[in-house]
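Following: one structure in structure tokens, then a few remarks.
The values are calculated or read from the model by the stated rules, or taken from the named source; none is laboratory data. The structure displayed is predicted, hence computed values, not measured ones. Please note: Cβ atoms are built from the backbone with ideal geometry, for glycine as well, and neighbour counts cover all protein chains shown. To get the accessible areas, we keep the full protein, side chains included, count just its heavy atoms, and leave off ligands, DNA and RNA. Shrake-Rupley method; radii C 1.70, N 1.55, O 1.52, S 1.80 Å.
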Amino acid sequence: MKEDCLPSSHVPISDSKSIQKSELLGLLKTYNCYHEGKSFQLRHREEEGTLIIEGLLNIAWGLRRPIRLQMQDDREQVHLPSTSWMPGRPSCPPKEPSPQDGNMTAQGPSIQPVHKAESSTDSSGPLEEAEEAPQLMRTKSDASCMSQRRPKCRAPGEAQRIRRHRFSINGHFYNHKTSVFTPAYGSVTNVRVNSTMTTLQVLTLLLNKFRVEDGPSEFALYIVHESGERTKLKDCEYPLISRILHGPCEKIARMFLMEADLGVEVPHDVAQYIKFEMPVLDSFVEKLKEEEEREIIKLTMKFQALRLTMLQRLEQLVEAK
């Protein structure tokens, strides 16, 4: 079923499935009641007869391999003007000339580049602070020649943590030297999405949030149930709608980000045996083997009887000739 052909009373779940708008609104009401007083409540509106739901979507990390962060930022870097510093020219501002020197005053042109550099440095300050991690030291500027900051005494544990070059992005740590991202399995992040965003679009939004170098085609979203059942969301599905359909409780069903080549779907028939202990599973296997042997014996005896009947019939035909 195509989305364009859907009546206004239905909301698409995927390219081939849909749900009645009234039923979805009922599930949405239950979802918001569960998250009452929290930031995870969803808002909805209608635009040209189309129901649009938007809000925060929780996604848990389920990666087995580390991922690499982008080394460069897309934002344009702000550099100091070329006139503010040149090789061979001191970076500190020159001393104010003495009153006896009549060739240069305190407001001469030689001081203007210093003010220009300082204003440029001040304007680029917030950008640099936003790009660096909390533990990163500030880059040394021309103003350091005027006042020298005394180094802070750090505890041994803190100094060791800084030496390891482990920095945090949105609460997740990565190695600053190699830019390798290692999210803890099961840790949760969230992105703001709406019900018209497909799985591929949500993946792109999440990877852009953490500036992951790998493309969205290398990852997939899975719904993992408490029973162990695991279902992969197709590229044409809508993750926010799927979250509402599976209910608000993340103890029952959670949405995981996994590798596309490592993630495996687990059907319900298989998932019901996952939580059994090994001795119980071994007993199940033994009973299945016994049943299999009985079926093999039964089929063997059946075909032997058919073979004997066919041979007897052939002998009768030969004697009749």
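Does ASN58 meet the test of being open to solvent by less than 50 Å² (accessible area, probe 1.4 Å) and farther than 22 Å from LEU221 by Cα? Taking the combined requirement at face value, the residue does not satisfy it. Does THR231 satisfy the criteria of being within 18 Å of VAL202 (Cβ to Cβ) and not charged (D, E, K, R)? Taking the combined requirement at face value, the residue satisfies it.
Cβ separations smaller than 8 Å between residues 6+ apart or across chains give no pair from the stretch 273-284 residues that are more than 18 Å from GLY228 (Cα to Cα) to residues that are modelled with pLDDT of 85 or more.
Residues are listed down the side, and each one gets a yes or a no for (1) over 15 Å from the mean Cα position of the chain (by Cα); (2) without any contact (Cβ under 8 Å) to a residue 60 or more places away in the chain:
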site	(1), (2)
VAL193	no, no
LEU205	no, yes
LYS209	no, yes
GLU213	no, no
SER217	no, yes
LEU221	no, no
GLY228	yes, yes
LEU233	no, yes
CYS236	yes, no
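Which one is modelled with the highest pLDDT, of the residues in the stretch 1-37 that are open to solvent by 70 Å² or more (accessible area, probe 1.4 Å) and of a type in the set (Lys, Arg)? Filtering the stretch 1-37 for residues that are open to solvent by 70 Å² or more (accessible area, probe 1.4 Å) and of a type in the set (Lys, Arg), the one modelled with the highest pLDDT comes out as LYS29. Take GLY263 and tell me if it is out of contact with any strand residue (DSSP E or B) (no Cβ under 9 Å at 6 or more places or on another chain), open to solvent by less than 90 Å² (accessible area, probe 1.4 Å) and under 27 Å from LEU69 (Cβ atoms). Taking the combined requirement at face value, the residue does not satisfy it. Could we say that LEU288 is among the aliphatic types (A, V, I, L, M), under 30 Å from HIS225 (Cβ atoms), at pLDDT 90 or above and open to solvent by 90 Å² or more (accessible area, probe 1.4 Å) here? Answer is yes for this residue.
Scan ILE252, ILE274, ILE244 and give me the residue that is of a type in the set (A, V, I, L, M, F, W, C) and buried (at least 19 other Cβ atoms within 10 Å of the Cβ).
Values: ILE252 fails: buried (at least 19 other Cβ atoms within 10 Å of the Cβ); ILE274 fails: buried (at least 19 other Cβ atoms within 10 Å of the Cβ).
Among ILE252, ILE274, ILE244, only ILE244 is of a type in the set (A, V, I, L, M, F, W, C) and buried (at least 19 other Cβ atoms within 10 Å of the Cβ).
Here's a check for you: in the stretch 38-55, which residue that is among the small types (Gly, Ala, Ser) and outside any strand (DSSP E or B) is most open to solvent (accessible area, probe 1.4 Å)? Residue satisfying both the conditions and the ranking: SER39.
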